[in-house]
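Single-structure report; data block below.
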Amino acid sequence: MDRMPPWADALLVPLISLVLAAILSALVIIGIGEDPVAAVTLMVKGALGSTYGWGYTLYYATNFIFTGLAVAVAFHARMFNIGGEGQAMLGGLGVALVCLYLPLPHWTLALVAATLGAAIFGAAWACVPAVLQARRGSHIVITTIMFNFIAAALLNYMLVNLLRPKGAMDPATAKFPAATNLPTLHDMLTPIGLNFSKAAPANVTLVIALLACLAVWLLIWRTRLGYEIRAFGHSETAARYAGISPTRITVVAMLISGGLAGLMALNTTMGEAERLVLNSVEGAGFIGIAVALMGRSHPLGVLMAAVLFGFLYQGGAELALWTNIPRELIVVIQALVILFTGALDNMVRMPLERLFLSRRRKEG
Amino acid sequence: MTTAPAIELRGISKAFGPVQANKDISILVERGTIHGIIGENGAGKSTLMSILYGFYKADAGEIFIGGQKTEIPDSQAAIAAGIGMVFQHFKLVENFTVLENVVLGAEDGRLLRPSLATARAELKALASDYGLNVDPDAVIADIGVGQQQRVEILKALYRQADILILDEPTGVLTPAEADQLFRILGRLKAEGKTIVLITHKLREIMEITDTVSVMRRGEMTATVRTAETSPTELAELMVGRKVLLRVDKTPAQPGAPILEIENLSVTDSAGVQRLRGVSLNVRAGEILGLAGVAGNGQSELLEVLGGMRTATGRITMNGQPIDLGGRHSDGQSRRARGIGHVPEDRQREGLIMPYSAWENSVFGYHHDPRWQNGPLMDNAGIEAAAQDQMDRFDVRPPNPRLAARNFSGGNQQKIVVAREIDRNPDLLLIGQPTRGVDIGAIEFIHKQIIALRDQGKAILLVSVELDEILSLADRVAVMFDGQIMGEGPAGSATQVGLGCLMAGLGGDDTRDMSGWTISDAAIIEEGTPDVSRIEAQLAEKHADASKEV
Amino acid sequence: MDFATALQILDSTVRLSTPLLLACLAGLFSERAGIFDIGLEGKMLMAAFFSAAVAFVTGSVWLGMLAGIASSMALSALHGLASITFRGNQLISGVAINFLAAGLTVLIAQDWFSQGGRTPSLIGQARFEPLTLPLADTLQTVPILGPLYHELISGHTLPVYFAFLCVPATWWILYRTRFGLRLRAVGENPAAVDTAGISVIGLRYAAVAICGLLCGIAGAYLATALQAGFIKDMTAGRGYIALAALIFAKWRPWYALMSCLLFGFLQAVALRYQNIDLGPVTLPVQFMDALPYILTVVILAGFVGRAIPPRAGGEPYVKER
Amino acid sequence: DPALIFDLGGKFDKSFNEAAFNGAQRWAEETGGSFNEIELQSEAQREQALRRFAEAGFNPVITMGFAMADPLSTVAPDYPDTKFAVVDVTWLDVPNVRQIGFAEHEGSYLVGMLAAMASETGTVGFVGGMDVPLIRHFGCGYAQGAKAVNPDINIVANMTGTTPAAWNDPVKGSELTKAQISQGADVVYAAAGGTGVGVLQTAADEGILSIGVDSNQNHLHPGKVLTSMLKRVDVAVYEAMKAGEDLETGVFTLGLAENGVGYALDENNASLITDEMKAAVDDARQKIIDGEINVVSYYENDSCPALTF
Ligand SMILES: Nc1ncnc2c1ncn2[C@@H]1O[C@H](COP(=O)(O)OP(=O)(O)OP(=O)(O)O)[C@@H](O)[C@H]1O
Ligand SMILES: Nc1ncnc2c1ncn2[C@@H]1O[C@H](COP(=O)(O)OP(=O)(O)OP(=O)(O)O)[C@@H](O)[C@H]1O
Ligand SMILES: [Mg+2]
Ligand SMILES: [Mg+2]
């Protein structure tokens, strides 16, 4: 028997961690002289109280599903991909190039092409750190951090010097052709009689994100590749024994991870802005870390954590709009979630284990 | 001189979670004696000594040093009480020099230089007193294990230890190095130091100790005077019943060679040559036992054959060459060629510990079309097959959904053996098949290996236990320093002869073994072999080798 | 490029290298003890804010610096708690600390000063003033060496000189003291330290505390010497560049000086020029911005002298099973 | 109620956004009315903030900066009943938007003259923010003004960057100022949002004069800031708020004649501006209004007669 029942490991530990993070967040709100109850009420109303709020919550959640899955897949292969940010930036570049330079007659075709573009560019950006890790043992955490900065510089260069339309001031591409514009939830739900806010940016990419959850679940738990990725993640020597090539798994897992991170750009670039702007990723790559940690690297967990963070993001935007609480509150909450569900995991786990152990001793 | 015992432990207990490693253990060691502790793997020997050294904290019990009740909450306290310990896995900083390792934690002031100077002088004195010669400025990573062990002993002596604990000190040593160690221990004892020696080797116990304690399953089963006991009695005390040391088997009926190895060489990532032109063959229907002290290339040979390492040379399987460095040199390709592999370390290699038993039952064979269901894996089918396998191989508990880490060591080994034997391989590589496995499971696993042989399969057995090699193998080869020192029928091999070959020596003792061919590489010496000369020669060889790289 | 411009760029290199150097040495202490720290950025940021805030309120740069150091060390303690006591993942803890600092600084700044996440500008005693070294003005007329001494060596703020003195001091501590020996040992093989009767936990907390101290000074330098007050995200990735410099330096103090000067130089050049015209090719400023990171990746790839991190780095110490 | 959306530099950039805030404050104090405001933190928020305010019924919604052009052109048509105002954008084709531009080159011309008159070395500096036509427009006017006083004057111009980060990089502002000082500049004009804080600080530290922008920045370092090029964003915001829902839409350009731009003279810099300097500048101001002096706009053909960037 394990030290703890599986349900406690999968649900109780993250839940307690989350509660701790929430308590500290409330203390922070009190610390800056605001009322946490009022703040939460405002957040709930703003993020979940209307289809408009939901539209934004789901829009953000879509981003976080992609980046969360990206981090989760890498986690399964025991790699810490901090490079989601850079990979998503490159994914944006892929989307932009596809939308601007391919003559695409309809959004469905555009979506397929842009999905490929985003995934390939994101994967390519993850490829170099992956190969360096696999072949030269360069620590992937450091290389992916470095690649985030390099991606930012590259994108900056592309937008300022190559893709910015003549005469435009801000570093951004031209608007994508109308044929590539994706239907929003409003467009998709109106035909079935639901009146969803027209203003909110949530769009068909959400469906792709949900499909990605399913695909990652199948990949990890139902395919040979997933079996190998997990095996490699648990023990590299055992993987080598079983004829699982560490190089191959490292590279493949990172390609999938990078591709997923790149897909995020579909939502922000093609779905929302309809052009590529400089900072469209907005830290979603980092939030993916919190999402994957909270979701215990399971697609279902990632989905739930992503919606939670979508809520926090939209709620935080509302706070910034209607109160004096800066949006940075969300960054603090995010930090606390990462801290408690990731780094301080054992602080919650160890006492719980002891508790279960002594209970079992008593029973046994 | 006081008459109080050097060490007295009373009622020591220690649990790790659900595992009771030590149960109410009491022990008494007289000053100026060598006390042996034996017991199976996991019996709790190391745990007990770690408690004495303050590395772990006992749940209950008292410790008396020199008759004084002593609290040992940490290693600092143990050192202050005059206890030194040489761990099974050395605790040395690899990129520090010998001197730095010795002073670490025993500096005389905040500045380093004076401490190093004192230590240098002290090491000189210790070297002449006890014959513990090591170059103080050598970097640990560059010296051999024998030397490293001396550094560990020097560390303890530098801290003025009166009591020296050695945890399985000879596991990594050649017999000659072990003899040297015992000579040193003898001198230490003559100086009035007290020594506690943990070992699995009954021979060593009989040779050097004054008293011996036997542990089983966390309990102290007996403490006896060495002079008044015998190896058989000790073995019985260890496992709790009479031990059948021999395996029932019919003579082998060897057929055509299945595996032929020619001139195989391996250089590791650090540039050290691990295998130097090994040639061997294994025939159908025979068990070839590969003997040798751990670290002489047996592991590397298994890894090359199992597809975990690349090499140069030539290997054929059923007459067809196999790929040693290209795209088909991985474990999958080896399995496809009919090679099964029970790795030496089941927990690090053979199993994925968090995977369930059924997932582990196809580990390495997960590409088998039998387990596929379209693009997905046929999890239900695999689980059913695993259930069947566990029943047949008597894995307990027979629950395929339990994670591998929740099985006991012996049952983990059964899961691996079942997986590899069930594929009916033409060649089975099997490393340390019974390491840490209880007698009942040993018998079971041995029977399975012999049954496979009797079906006409080839088996290459690697074990550090000479007894296991001698009782199981039909033919034996001995490895030393990456080379085969000699090879011949198991029936005519002697313990002494094998021991010499394992140390790279081919003296008179080996010539007595009929049917054996002794390699030219074995150094022929009359009388007592001079270990330090051999070491020097080896060092030279290594230096040459690394120059070439 | 004329002498005066070169001198200016070097002068600016010194100023810009200082925070990198302090943070890099901070990381060196921590990582040499086996605790990886990607939270250098966050600690610097936190220190930058608290030093500026307290310096503004009290009007004393020294009190500001103390507050900065205290806040940075508080984050260090958190990192220690997570990665030493609770044996958590050091990288994740570092990430969390960076976010915590990014969020808290703005939140508190907004609460205290209501200036959109910045502190008011610092004046007078609330800032470090440049020091003029003896004879700097007198010797100014000596050709070459005079301006060199006057511009490059003299005329910096106190933390700059402190940072550069830290290099030999770090070397001395690491290689000439008992503490240094133990620190290096605990990063290589904590079990060796433990069995030698020294507390692994104590040593590692000490290392992490030194890391916090140096990051605190780095942050205070940013806000009270290099600039006059705190603004949001003012570390602007310097913690990561310091990390890169640390790898570049292969975890050694003198090399750390070299790599921080190199990266500081790259920053100085990138600050001054939008594009660098090298005749046949023009290097865009974005390339200059990315160069430290690209160089680090090249080093990591092992093409130019392999960097081997402390062996026990990143792993929590769990007594052997 | 009106709503005000600040650009990325933030409400307290001491410059562009702060001017807008001051205008709104003045309106609030005078009328006792209230307004909502938000400081943007990211690109993606632009559209969201616009929509959120429009949905919530704020009218007019006043936004700052050219980066709002694109979001505004998508959002404004969705809320035809809401009036929007935007500063620094003059090229949109949306009916319900008041687009306010300034003749920054005219104001810059005046401070350029002052710089040239105050300079003893014959070298003056210009530190721009993000390298966009708007900022070149500032620099171009400045250079023309300086040349008008001293045709041989040497003008050193640097841009801080190519991305919005350039608006908020005081370290870089400070380093560029040091570089310009080493090239002989003794008056530096900062048209760089929050980056200018670093420019003014360094100029004060190093004992040269600086020129502020947008808001009156003279008080930041009394006696060390020569003057500030006023861009009356505060007036524009004030007027827009005062007009309320009846806000007149269309394109408006405010120059010297409309008092939309100018230079700051107050007790902080009174000692720096001599009577002759003041007379010369006021004279030029009148001549520009009268059309006697033509200050060339950078926008005319994307180049500047007095300065190459
Ligand atoms: N740190 C630990 N945490 C949990 N369990 C442990 C730990 N150390 C030892 N054990 C368990 O305690 C028992 C006794 O282990 P110990 O290492 O003392 O055995 P041993 O007699 O030294 O065996 P070996 O001969 O293999 O060295 C084993 O079941 C082992 O798994
Ligand atoms: N950590 C654990 N948690 C729950 N059950 C365990 C754990 N370890 C072992 N068990 C169960 O306890 C039983 C005894 O395990 P133990 O390791 O003591 O066996 P053992 O007697 O040493 O056997 P072997 O000699 O085969 O190693 C096994 O059936 C195993 O399934
Ligand atoms: Mg042991
Ligand atoms: Mg066992």
Between C:Ala236, C:Ala223, C:Ala48, find the one with the highest GNM mean-square fluctuation for chain C; connect C-alpha pairs within less than 10 Å. C:Ala236
Sequence-separation-based contact order of region B:346-424, relative, with Cα cut under 8 Å and 6+ spacing, percent: 40 percent
Quickly work out the A:Ala22-to-B:Ser514 label distance, labels modelled 7 Å from Cα along the C-beta direction, and quote it in nm with one decimal. 8.4 nm
Net charge of neighbours whose Cβ lies under 9 Å from the Cβ of A:Asp170, counting Lys and Arg as +1 and Asp and Glu as -1: -1
Cα centroid separation - region B:243-318 against region A:159-195, whole Å: 65 Å
By how many degrees, between 0 and 90 and to the nearest 10, does the Cα long axis of helix C:158-176 differ from the longest principal axis of chain C? 40 degrees
Using Cα-Cα distances under 8 Å and only pairs 6 or more residues apart, what relative contact order does chain A have, in percent? 34 percent
Residue-count net charge about A:Leu154 - beta-carbon cut-off 14 Å; Lys, Arg +1, Asp, Glu -1: -2
Cut-off 19 Å, label point 7 angstrom out along Cα-to-Cβ of C:Thr282: give me the residues of region D:158-199 whose amide nitrogen falls inside. D:158-163
First measure r as the distance between the Cβ atoms of C:Phe3 and B:Gln88, then evaluate 1/(1 + (r/R0)^6) with R0 = 60 Å and state the FRET efficiency to the nearest 0.05. 0.35
Any lysines with Cα under 18 Å of the D:Lys147 Cα? List them, leaving off those in the same chain fewer than 8 positions away. D:Lys278, D:Lys287
Identify all lysines with a Cα-Cα distance to B:Lys14 below 24 Å; exclude those on the same chain that are fewer than 8 residues away in sequence. A:Lys362, B:Lys23, B:Lys45, B:Lys57, B:Lys69, B:Lys91, C:Lys319
Compute the Cα gyration tensor for region A:60-305, then decide on rounded, prolate or oblate, letting a ≥ b ≥ c be the square roots of its eigenvalues: rounded whenever a/c is under 1.5, prolate when a/b is larger than b/c in the other cases, and oblate in all that remain. oblate
Is the C-alpha gyration tensor of region D:213-309 telling us rounded, prolate or oblate? Criteria: a/c under 1.5 is rounded; beyond that, a/b larger than b/c is prolate, otherwise oblate. oblate
Distance check, please: which entries in A:Lys198/D:Lys83; A:Lys198/C:Lys232; A:Lys175/D:Lys172 exceed 29 angstrom between their Cα atoms? A:Lys198/C:Lys232; A:Lys175/D:Lys172
Can you give me the angle between helix C:61-80 and the longest principal axis of chain C, using Cα atoms only, in degrees from 0 to 90, rounded to the nearest 10? 30 degrees
For region C:1-87, with every protein chain kept in place, what is the accessible area per residue (1.4 Å probe, Å²)? 25 Å²
Honestly chain B on the Cα gyration tensor test (a ≥ b ≥ c root eigenvalues; a/c under 1.5 rounded, otherwise a/b vs b/c for prolate or oblate) is just prolate
Going Cα to Cα from B:Lys201, which aspartates and glutamates come in below 17 Å? Please leave out same-chain ones fewer than 8 positions away. B:Glu40, B:Asp167, B:Glu168, B:Glu177, B:Asp179, B:Asp210, B:Glu233, B:Glu236, B:Asp438, B:Glu465, B:Asp467, B:Glu468
Does anyone have the angle between helix D:170-182 and the longest principal axis of chain D? Alpha-carbon axes, 0 to 90°, nearest 10? 20 degrees
Enumerate the amide H contacts of A:Thr223 below 5 Å, restricted to partners 5 or more residues apart or on another chain; note that Pro and chain-start residues carry no placed amide H. B:Met377
When only Cα pairs under 8 Å and 6 or more residues apart are kept, what is the percent relative contact order across chain D? 21 percent
Dipole of region B:346-424, positive end: most advanced residue of B:Ile415, B:Ser361, B:Asn379 [Cβ charges, Cα centre]: B:Ile415
Separation in nanometres of the label points that stand 7 Å from Cα toward Cβ, at B:Asp394 and B:Asn406: 2.4 nm
Rounded FRET efficiency, nearest 0.05, which uses the C-beta distance separating C:Asn275 from B:Glu71 and R0 of 51 Å: 0.10
Those helices of chain A passing the 18 Å axial Cα length cut-off and the mean Kyte-Doolittle cut-off of 1.0 (DSSP H runs only) are A:13-31, A:84-101, A:107-136, A:140-157, A:205-222, A:246-265, A:299-322
Between D:Gly32, D:Gly196, D:Gly57, find the one with the highest GNM mean-square fluctuation for chain D; connect C-alpha pairs within less than 10 Å. D:Gly32
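The values are calculated or read from the model by the stated rules, or taken from the named source; none is laboratory data. The model shown is predicted, which means the values in this text are computed figures rather than measured ones. Cβ coordinates were reconstructed from backbone atoms using ideal geometry, including for glycine residues, and neighbour counts include every protein chain displayed. Ligands, DNA and RNA are stripped out before the accessible areas are found, and what is left, the full protein with its side chains, is counted by its heavy atoms. Shrake-Rupley method; radii C 1.70, N 1.55, O 1.52, S 1.80 Å.
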